[in-house]
Amino acid sequence: MKAVVYEEPFSVVVKDVQDPRIQHPNDVLVRVTSTAICGSDLHMYEGRTAAESGIVFGHENLGIVEEVGSGVTSLAKGDRVVMPFNVACGFCKNCLAGKTGFCLTVNPGFAGGAYGYVAMGPYKGGQAELLRVPFADFNCLKLPPGEEFETDFVLLADIFPTGYHGCELAQVAPGESVAVYGAGPVGLMAAYSALLRGAAKVFSVDRVPERLAKAAEIGAIPIDFTKGDPAAQIKEQTGGEGTDKGVDAVGYQAQAHDASHEEPAIVLNELVETVRPTGMLGVPGLYVPSDPGGPDEHAKHGQLLVSIGRMFEKGQQMGTGQCNVKRYNRQLRDLIIAGRAKPSFVVSHELPLDQAPLAYEKFDKRIEGYTKVVLHPGHALAA
C-alpha cells in the first residue's frame with residue numbers, strides 16, 4: 001500500500017510499504033477514505049521529537065471496514081468508522097474509568113497509545129491506504145453509511161474532541177467568559193466547543209490573520225498577541241477582571257509576543273494572568289518530557305519556568321493531558337448528524353495522498369491558508 005513515511009526532519013515521502021494484516025482476532029482492517037494532518041505531526045516532521053526514519057504518520061483516520069477478525073462482534077465488512085487517535089483496550093483500570101488516552105495495555109511501560117506517533121506503541125499510522133485497528137469493537141465508532149459529513153466526521157478522531165476536552169478540563173459552563181490561546185485547528189475547536197457549551201464571551205488569541213479571521217467567523221473575539229500583551233487586551237474587555245476560564249491550545253512551541261523566538265512557558269503564564277482569581281485552566285496543548293529543539297537546557301527536558309506562585313496566589317486550578325477521545329466522540333458525532341455542529345469549517349484543503357509532502361511543507365510554514373489538511377487515499381482530488 002502507499003503511505004506517508006517520515007524520512008528526516010522536514011522530509012516525508014509517499015511510498016509503498018507492507019500492507020497491514022489481521023494480527024489478533026480483535027483486529028479489523030480499515031480502508032482509509034480520509035486522514036488528516038495534525039499539528040502534532042509537525043512536531044515529528046520538524047525533528048522536535050525522538051521520531052526515527054520509517055514511521056508511517058497519521059492518527060486522525062476514517063474509512064470503511066475491509067476485513068474483520070474472528071473475535072470482533074459489533075463490526076462488519078463495509079461499515080463506515082472513525083477511530084480515536086488513542087489506541088485503547090477498553091478493559092484496563094484507566095479505560096474503565098473513561099481515561100482512554102492513558103490506556104495501560106496497548107503500550108507496555110507507558111500510559112497511552114496512538115497510531116503513527118513516536119513512543120506511542122507499534123501502531124502504524126493511517127496516512128495510508130489501509131490501517132490495522134486493534135481492539136476494534138472498542139476503538140471503532142460507527143458512522144452513517146455513505147459520504148455525507150466526511151470532513152466533519154474525520155475530525156472526531158482528534159481535534160474536535162481535543163478542543164472540547166480543553167473546555168472540559170477548564171469546566172467551561174454556560175454564561176462564562178473563556179480565553180483560548182491558539183487559533184490553530186485545536187484552538188478553533190476549543191473556541192467552537194466553548195460556544196457550543198454556552199459560553200457568553202470567547203476570546204481567541206493568535207497572530208496569524210487567517211486564523212483570527214476564522215475565529216471571528218464563528219463568533220469568537222480575535223486577539224492579536226503581536227499588538228500588545230494579550231492578557232492586558234482581554235482584561236480591557238472584561239472590566240479588568242479577566243476571564244472565568246482559559247484554554248491552552250498551543251503547547252510547548254509557543255511564540256514570544258514579537259513572534260521572533262519560542263518561549264515554551266509563555267502561554268501557561270499568560271493564562272495565569274488572563275484568568276481571574278479562582279478560575280480554571282484547561283491545557284490540552286502538547287507538552288513533552290523531551291524536546292531536542294528546546295531553546296534552553298531546561299526546555300529540552302520538558303522543564304519550564306511557570307509562575308506557580310502567581311497561580312497559587314490566585315487560587316486557580318489546572319487540568320492537563322491528552323484527550324480521552326471516546327469520552328466525547330459519540331456525542332459530538334450526534335451533534336454533527338443533527339446539524340448542531342459543523343467542525344469542518346477549519347478544513348482548508350482536501351488533497352490526494354500523493355500530495356502529502358507538499359501539504360506538510362505548506363502547513364508547517366503556515367502559508368497559502370493551510371490550516372487543516374485532509375488527505376483522501378485512493379482519490380485524485382483537485383488541490
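Computed quantities for the displayed model
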{"quantity": "Beta bridge orientation in region 65-221: antiparallel %, DSSP, nearest 5", "calculated": "35 percent"}
{"quantity": "Two-site FRET efficiency, S307 against L96, from Cβ-Cβ distance with R₀ of 51 Å, rounded to 0.05", "calculated": "0.90"}
{"quantity": "Within straight-line cross-link reach of K342, lysines at Cα separation under 24 Å, skipping those fewer than 8 residues along the same chain", "calculated": "K142, K201, K214, K245, K326, K372"}
{"quantity": "T105, T238, reordered so the largest accessible area comes first (probe 1.4 Å)", "calculated": "T105, T238"}
{"quantity": "Simple spin-label estimate for Q317 and R340 in nanometres, 7 Å along Cα-Cβ", "calculated": "2.5 nm"}
{"quantity": "Backbone HN-Hα couplings from phi across region 18-35 [Karplus 6.51/-1.76/1.60, Hz, Gly and Pro as x]", "calculated": "5, 4, x, 9, 5, 10, 8, x, 8, 7, 10, 9, 10, 7, 6, 9, 9, 8"}
{"quantity": "Relative intensity, log₁₀ I(q)/I(0), of region 260-383 from a Debye sum that treats every alpha carbon as a point, q = 0.13, 0.17, 0.18, 0.23 Å⁻¹", "calculated": "-0.87, -1.14, -1.16, -1.20"}
{"quantity": "Alpha-carbon Debye profile of region 32-185, log10 I(q)/I(0) at 0.10, 0.17 Å⁻¹", "calculated": "-0.38, -1.08"}
{"quantity": "Mean Cα-pair separation over length for the chain, i.e. relative contact order, pairs under 8 Å, 6 or more apart, %", "calculated": "17 percent"}
{"quantity": "Relative contact order of region 77-209, defined on C-alpha pairs under 8 angstrom at six or more residues apart (%)", "calculated": "19 percent"}
{"quantity": "Shape box of region 121-172 [Cα atoms, principal axes, largest first, Å]", "calculated": "38, 32, 22"}
{"quantity": "Placed amide H near E60: partners under 5 Å, 5+ positions off or other chain", "calculated": "A36, G126"}
{"quantity": "Selected from L358, L155, L188 as most flexible by GNM, with the chain as the system and alpha-carbon contacts under 10 Å", "calculated": "L358"}
{"quantity": "Sequence-distant residues sharing a close amide H with N107 (under 5 Å, placed H)", "calculated": "G112"}
{"quantity": "Amide H contacts under 5 Å for V250, placed H, 5+ residues apart", "calculated": "G285"}
{"quantity": "Note, ³J(HN,Hα) from phi for region 2-11, Karplus 6.51, -1.76, 1.60, rounded to Hz, x at Gly and Pro", "calculated": "8, 8, 8, 10, 6, 9, 6, x, 6, 8"}
{"quantity": "Antiparallel %, DSSP beta bridges [both residues in the chain], to 5", "calculated": "55 percent"}
{"quantity": "Region 242-331: projected area of the alpha-carbon convex hull, averaged over directions, in nm²", "calculated": "7.0 nm²"}
{"quantity": "The chain: most fluctuating residue of L156, L131, L104 per GNM, C-alpha cutoff 10 Å", "calculated": "L104"}
{"quantity": "Chain lengthening between I64 and H24 when straightened (0.36 nm per residue, less Cα-Cα)", "calculated": "12.5 nm"}
{"quantity": "Calculated [θ] (222 nm, deg cm²/dmol) that DSSP helices of n ≥ 4 give over the chain, each run adding -39,500 (n - 2.57)", "calculated": "-6500 deg cm²/dmol"}
{"quantity": "Mean-position separation - Cα centroids, region 249-305 and region 71-137, in angstrom", "calculated": "29 Å"}
{"quantity": "Sparse-neighbour loop sites [GluC sites (Glu not before Pro); region 209-317; at most 16 other C-beta within 10 Å; DSSP]", "calculated": "E241"}
{"quantity": "Length-normalised contact order of region 10-95 in % [C-alpha pairs under 8 Å, at least 6 apart]", "calculated": "31 percent"}
{"quantity": "Rounded to the nearest 10 Å², the accessible area of S11 at probe 1.4 Å", "calculated": "30 Å²"}
{"quantity": "HN-Hα J in Hz across region 312-324 - Karplus 6.51, -1.76, 1.60, θ = phi - 60°, x for Gly and Pro", "calculated": "5, 4, 8, x, 7, 10, 9, x, 9, x, 5, 6, 8"}
{"quantity": "Spatially proximal aspartates and glutamates relative to K99 (Cα-Cα < 18 Å; intrachain offsets below 8 disregarded)", "calculated": "D137, D158, E168"}
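The values are calculated or read from the model by the stated rules, or taken from the named source; none is laboratory data. On a predicted model such as this, the values are computed, not experimentally measured, just so you know. With ideal geometry, Cβ positions are generated from the backbone for all residues, glycine too; neighbour counts draw on all protein chains shown. Only protein heavy atoms, including side chains, enter the accessible area calculation; ligands, DNA and RNA are left aside. Shrake-Rupley method; radii C 1.70, N 1.55, O 1.52, S 1.80 Å.
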